[in-house]
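For reference, the structure is listed below as structure tokens.
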Amino acid sequence: MSEPVNFITTLGQKQVWRKNRKDILNFILQDEDRFEGMSIQVVFDSSFFNSYFWRLFSSSFGLRPLHSAVEFHRYICKYLDEVIVHSIQIANPLQFTLRTTALQPLRCHLRDQGVRFQNLLVTDIMFHPDSEPKTACSIQGLNKRGPVLLPVGPEDILIITIGFSASGLSTGTTATAPPTVSAKAEMLLDPSWSLWYALAKKSPKFGNPSSFCTHLPDSRLGMFVIHLPRSDFDEIYTHLLETKPILYHEDETITHSSWSLKLVFPQQEESVERPNGTRSILGYCFTPDQLGEHTRKPMHACSGDEILAEVLGCLNLPPEGIILRARTVPYILPLGLSPLLKRDHGDRPEIIPPNTTNIALVGQYVEIPEDTALMTEYSVRSAQLAVNRLMGPKMSLSEVHKSFLAARYGRKAGLDHVASVA
């Protein structure tokens, strides 16, 4: 359980009014099931979205008023203390550092253990019986030679990743904005989405992918990577240290940015595409459709140089010299924030779908009660739970972290318990 944070004193100085405080506390102490199918803007009135508390949370995690109230409830219950004290690093959908720090070593280890990797595009899973999918019996797929049908025995186990938030990604350059992506969801979806749709057609117990991939304006995420000389990197980093003496988790949330910017300074041995003598900064733009304060353009219409100019303008740093020496690559992820979208009960499938024997679903779109999507640990926990429930022996899993208020008073507590706080 977290250490107690002086919630009211800290945020009271940041223009969180008495009504907003009461609404927040009441929200925390409700059961999340009450907000199923609701957006955040239905739960809170317009004054809440002008508060510093909302700007802090939305720019830390990419939350928007139209996003899921259940997801917002989980974020507050989990990260209230941490966000008040410092910022939090969210998942990296492009997996820049994960490729070198986790995925490549893991692949090598599994090969050494005798695991065989096949370059197969999985298109469907066949079940027995057909009328009510219970036991997976075969895998349909495609390889370079054509259609493939792989038999699956009752003792075999399938673990499937459904959906992918980086599907449909478009990339720009220092001089050009990312190409405009199709407004049609079917033009953006990669095979993990197609497979999820194939499963969902068989039974509602496999969830509803349409809830997450057909609301493109609400799920769009901007990202960028700034490659620059060590001296310019140090200038930016030192400037941030002067304005905020401690950069927790090596990241910085720019709450006053209309783009809702977040900068992450990864450990440089993990940086992507690092030529000699350069450093990298990873950036998130959670509201890429808004006009920039300095460029006066939406982020998705900006080149890499224009994005860097906006970032430097928000930091009150002169842009001219740094832009000439830097290389900024912009990305637009149409589904980057889709795990946060409003959803109904059952839209996210359970990790082990009901009445199935040898299949598990994992990733950002499965249901893990009380945990927050869009975080790397969410996908990891889903895989751990899948292995635990299908294979054993049971590995020890930590409980979902709770903020002090949520852990102390619990979801069933009433507002009377914290009347003295309000």
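Tabulated data for the structure shown
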{"read-out": "Scope region 359-385; condition surrounded by fewer than 19 Cβ atoms within 10 Å (Cβ to Cβ), more than 28 Å from W259 (Cα to Cα) and out of contact with any helix residue (DSSP H, G or I) (no Cβ under 7 Å at 6 or more places or on another chain); matching residues", "value": "E367, P369, V380, A383, Q384"}
{"read-out": "Failed item, numbered, when P147 is tested on (1) without any contact (Cβ under 8 Å) to a residue 12 or more places away in the chain; (2) assigned to a strand (DSSP E or B); (3) surrounded by 15 or more Cβ atoms within 10 Å (Cβ to Cβ)", "value": "(3)"}
{"read-out": "Condition check for L308: closer than 20 Å to S258 by Cα, among the aliphatic types (A, V, I, L, M), buried (at least 22 other Cβ atoms within 10 Å of the Cβ) and modelled with pLDDT of 95 or more", "value": "yes"}
{"read-out": "Odd one out for G114 among (1) modelled with pLDDT of 90 or more; (2) over 18 Å from Q364 (Cβ atoms); (3) in contact with a helix residue (DSSP H, G or I) (Cβ under 8 Å, 6 or more places away or on another chain); (4) part of a loop (DSSP other than H, G, I, E, B)", "value": "(3)"}
{"read-out": "Residue among P179, P154, P191 that is exposed (fewer than 13 other Cβ atoms within 10 Å of the Cβ), farther than 16 Å from T357 by Cα, in contact with a strand residue (DSSP E or B) (Cβ under 7 Å, 6 or more places away or on another chain) and not basic (K, R)", "value": "P179"}
{"read-out": "Subset of region 49-65 that is in contact with a helix residue (DSSP H, G or I) (Cβ under 8 Å, 6 or more places away or on another chain) and at pLDDT 85 or above - its residue that is farthest from G283 (Cα to Cα)", "value": "F49"}
{"read-out": "Whichever residue in region 285-301 is in contact with a Gly (Cβ under 7 Å, 6 or more places away or on another chain) and surrounded by 19 or more Cβ atoms within 10 Å (Cβ to Cβ) and, among such residues, is nearest to V264 (Cα to Cα)", "value": "C285"}
{"read-out": "Filter result (modelled with pLDDT of 90 or more, buried (at least 18 other Cβ atoms within 10 Å of the Cβ) and touching a Leu at 6+ places or on another chain (Cβ under 8 Å)) within region 1-43", "value": "S39, I40"}
{"read-out": "Test: T356 is modelled with pLDDT of 95 or more, over 18 Å from the mean Cα position of the chain (by Cα), among the polar types (S, T, N, Q) and buried (at least 23 other Cβ atoms within 10 Å of the Cβ)", "value": "no"}
{"read-out": "Of all residues in region 370-417 being acidic (D, E) and under 24 Å from R343 (Cβ atoms), the one that is modelled with the lowest pLDDT", "value": "E399"}
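The values are calculated or read from the model by the stated rules, or taken from the named source; none is laboratory data. Since this is a predicted model, take the numbers as computed values, not measurements. Note that we place each Cβ from the backbone using ideal geometry, even for glycine, and neighbour counts take in every protein chain shown.
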